[in-house]
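Read through the structure below, which is laid out as structure tokens, and then see the notes.
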Amino acid sequence: MRLLVVEDNQSLVANLFDYFEARGHVLDAAPDGPTGYHLASTQAYDALVLDWMLPRLDGREVLRRLREAGHDMPVLMLTARDELPDKIAGFRAGADDYLTKPFQLPELEVRIEALVARASGRGRGRVLEVADLRYDLTTLDVTRAGRSLHLYPACRKLLEVLMRASPAAVTRERLEQALWGDDPPDGDMLRSHVYELRRSIDGPWPVKLLHTLPRIGYRLGEPASGDDDAG
């Protein structure tokens, strides 16, 4: 799983990284509300672990803004606020689960796994759509304007990450990590895969959906100012 932890207790964050990374999960962390909101709204994560009491913007407000913006990733609120009114407020803000501190790391892990599995099982994220591009994650069928497209596995993986993040940009580092983990190959293999993906999903159509953002990465969506489709 790829998880985002928004928590200002750095000792706790270090413990979470040690535990989850040892089990093969990938974590990002944010120490305050605005940074957490930015990462959650511009990157693709399987789940968000969100503290309530955060500097600059509290967790409930971060969650409310994410839900209002249409972001539907599973969210587990992790907080010392254990009163029933607090729990009700957290769920009403859009939390999928609520775990109070102190807690056991294995319980946190199984709760997150259950949230991700439940989201997948009820259809959330199983069919991705951006404009007239459609990707069925169950059958692996990719179509644009009803026309079936053949994509190699690496291109399908890139497409999934880009579609989940759309219309936000995805960094080159995030795409490389999705393809090769922490050991990307020498040379600019990512550019080759992006070229092949662009040829497959944009080639015959006048409206291009895959855009290059210089010094940032790539974005999938309707054309916008700042897009550079040549790279």
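The values are calculated or read from the model by the stated rules, or taken from the named source; none is laboratory data. On a predicted model such as this, the values are computed, not experimentally measured, just so you know. A quick note on method: Cβ atoms are made from the backbone with ideal geometry, for glycine too, and the neighbour counts reach across all protein chains shown. Only protein heavy atoms, including side chains, enter the accessible area calculation; ligands, DNA and RNA are left aside. Shrake-Rupley method; radii C 1.70, N 1.55, O 1.52, S 1.80 Å.
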What distance in nm lies between label points placed 7 Å from Cα along the C-beta direction at Glu61 and Thr100? 2.5 nm
Classify segment 9-126 as rounded, prolate or oblate from the Cα gyration tensor: take a ≥ b ≥ c as the square roots of its eigenvalues, call it rounded if a/c is under 1.5, otherwise prolate when a/b beats b/c and oblate if not. rounded
Among the trypsin sites (Lys or Arg not before Pro) within segment 33-123, which fall in a DSSP loop and have no more than 15 other Cβ atoms within 10 Å of their own Cβ? Arg56, Arg122
Subtracting the Cα-Cα distance from 0.36 nm times the residue separation, let me have the gained length for Lys87 to Arg199 in nm, one decimal. 35.5 nm
In straight Cα distance, which lysines are under 25 Å from Lys208, not counting same-chain residues fewer than 8 positions off? Lys157
What's the carbon and sulfur percent of segment 86-186's accessible surface, probe 1.4 angstrom, rounded to a whole number? 47 percent
Restricting segment 191-226 to trypsin sites (Lys or Arg not before Pro) in coil, as DSSP defines it, with at most 12 other Cβ within 10 Å: Arg215
Hydropathy first: keep DSSP H helices in the chain averaging at least 1.0 on Kyte-Doolittle, then drop any whose Cα extent along the axis falls short of 20 Å, and list what survives. none
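What is the dipole size for the chain, taken about its Cα centre, with +1 at each Lys and Arg Cβ and -1 at each Asp and Glu Cβ, in debye to the nearest 20?
740 debye
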If each residue of separation counts as 0.36 nm, what is the full-extension length gain between Asp141 and Ala117 once their alpha-carbon separation is subtracted? 6.5 nm
Under the classification rounded if a/c is under 1.5, otherwise prolate if a/b is larger than b/c and oblate if not, where does segment 62-120 fall, given a ≥ b ≥ c as square roots of the Cα gyration tensor eigenvalues? oblate
Consider just the alpha-carbon atoms of segment 3-60 and return their Rg together with their Dmax, both in angstrom. 10.8, 32
Could I have the simple spin-label model distance between Leu12 and Ser41, label points 7 Å from Cα toward Cβ, reported in nm to one decimal? 2.4 nm
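Per DSSP H run of n ≥ 4, the term is -39500 (n - 2.57); total these for the chain, divide by its residue number, and report the mean residue ellipticity at 222 nm rounded to 500 deg cm²/dmol.
After summing the helix terms and dividing by residue count, I get -13000 deg cm²/dmol.
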Sparsely packed GluC sites (Glu not before Pro) within segment 75-121, loop by DSSP, other Cβ within 10 Å at most 11: Glu83
Taking only the alpha-carbon atoms of the chain, the convex hull volume per residue, in cubic angstrom, is 136 Å³
